[in-house]
Amino acid sequence: MSGKDVSETVALRTPAKINLRLRILGLRADGYHELITWMQQVSLYDEVRIEPGGKRILVYTDRTDVPGGRENIVHRAARALREASGRDALGARIYLKKNIPAGAGLGGGSGNAAGALWALNRAWRLGMRKAELSEVAARVGSDVPFFLGGPAAVCRGRGERVETKEALRSGWFLLVKPPVVLSTHEVYGWSRAKLGGEGRDFDETSGLVRLGKYEYGNDLQKIVFPKFPRLESLCEELLRQGAVRAMMSGSGSTIFGFFRRKGEAERAAIRIRKSEKGENCECFLTTPLQETWYSKKN
């Protein structure tokens with residue numbers, strides 16, 4: 001993310017993420033899934049503009065497939081921050097320009113929510129530290145704390161426990177988003193009956209589960225691919241086009257391929273767009289982010 005600190009308006013960009021590894025460990029007593037995931041932020045951004053003022057929180061989006069108002073996670077984040085501040089008269093107008101596809105497993109909404117927390121903390125002059133904002137973020141959504149950290153991290157629990165990981169230093173990711181929208185809640189619901197030991201209660205006394213340095217993969221592919229075979233075929237096509245690896249991000253539906261060179265990724269994007277498998281797909285050429293948004297002079 002990058003932002004501009006001014007007294008009246010705060011404007012910033014919030015990035016997408018991809019899951020390089022996602023393991024489902026079991027079902028928690030609170031109904032959430034215990035997981036461990038390695039996530040990396042990439043150079044595909046939404047734009048968020050905050051105009052503080054008034055006593056109401058208003059959220060607007062520029063796309064019909066992304067709801068505004070109270071249905072948007074950004075509204076929930078703003079309400080949670082206002083509640084945590086104890087100042088219930090705070091208000092703002094929040095405008096979202098969406099470039100990251102919705103229902104894609106790219107964390108666009110979660111990134112927007114994290115950006116809103118950061119921006120409103122400045123615009124409302126609350127002076128909360130990052131740790132305090134992260135506590136609020138964990139109440140808003142599972143991936144939101146990650147976007148307050150990053151650009152790469154291993155996340156545990158339901159995603160709220162964030163451990164910074166060294167970001168990828170090179171390579172290109174070609175993101176391919178087919179015209180399929182998947183609900184995270186629904187996909188995890190399917191997983192309860194389908195994933196090996198998944199669905200049994202998670203025993204936190206079984207020890208800390210870690211990810212290997214080069215461990216890649218996504219447990220949810222076993223659930224999603226049989227229902228949506230086109231996603232698996234896109235993985236296979238990316239590999240045929242020269243990707244070092246190809247997999248689904250999060251709960252889908254985006255498939256991404258990792259390429260060592262930009263030219264290889266660009267040629268793959270052209271071929272996939274022209275192919276039958278790539279019909280009506282959106283393609284985004286991205287790089288892994290090297291720095292957190294807060295490490296820059298905004």
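Scan region 230-251 residue by residue and report those that are acidic (Asp, Glu) and either without any contact (Cβ under 8 Å) to a residue 40 or more places away in the chain or exposed (fewer than 15 other Cβ atoms within 10 Å of the Cβ) (or both).
Within region 230-251, GLU232, GLU236 qualify.
Identify all residues within region 173-232 that are at pLDDT below 65 and either within 25 Å of CYS283 (Cα to Cα) or part of a helix (DSSP H, G or I) (or both); write none if there are none.
Result: GLU204, THR205, SER206.
Quick grid of which residues meet (1) out of contact with any helix residue (DSSP H, G or I) (no Cβ under 9 Å at 6 or more places or on another chain); (2) more than 21 Å from VAL136 (Cβ to Cβ); (3) surrounded by fewer than 16 Cβ atoms within 10 Å (Cβ to Cβ):
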{"site": "GLN41", "(1), (2), (3)": "no, no, no"}
{"site": "LEU44", "(1), (2), (3)": "no, yes, no"}
{"site": "ILE50", "(1), (2), (3)": "no, no, no"}
{"site": "VAL59", "(1), (2), (3)": "no, no, no"}
{"site": "THR64", "(1), (2), (3)": "yes, yes, yes"}
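Please go through region 82-111 and give me each residue that is surrounded by fewer than 18 Cβ atoms within 10 Å (Cβ to Cβ), touching a Phe, Trp or Tyr at 6+ places or on another chain (Cβ under 8 Å) and assigned to a loop (DSSP other than H, G, I, E, B), ordered by number.
Matches in region 82-111: ARG87, ASN99.
Of the residues that make up region 116-124, is at least one without any contact (Cβ under 8 Å) to a residue 40 or more places away in the chain and crowded, with 21+ Cβ neighbours inside 10 Å?
no
Output the residue which, of all residues in region 252-279 that are modelled with pLDDT of 95 or more and of a type in the set (S, T, N, Q), is surrounded by the fewest Cβ atoms within 10 Å (Cβ to Cβ).
That would be SER253.
Report, ordered by the first and then the second residue, all pairs with beta carbons closer than 6 Å, sequence separation of six or more or different chains, a first member in region 45-62 that is under 17 Å from ASN99 (Cβ atoms), and a second member that is of a type in the set (A, V, I, L, M, F, W, C) and surrounded by fewer than 22 Cβ atoms within 10 Å (Cβ to Cβ).
ARG49/ALA11
The values are calculated or read from the model by the stated rules, or taken from the named source; none is laboratory data. All values derive from a computational prediction rather than experimental measurement. In this analysis, Cβ positions are derived from the backbone assuming ideal geometry, glycine residues included, and neighbour counts consider all displayed protein chains.
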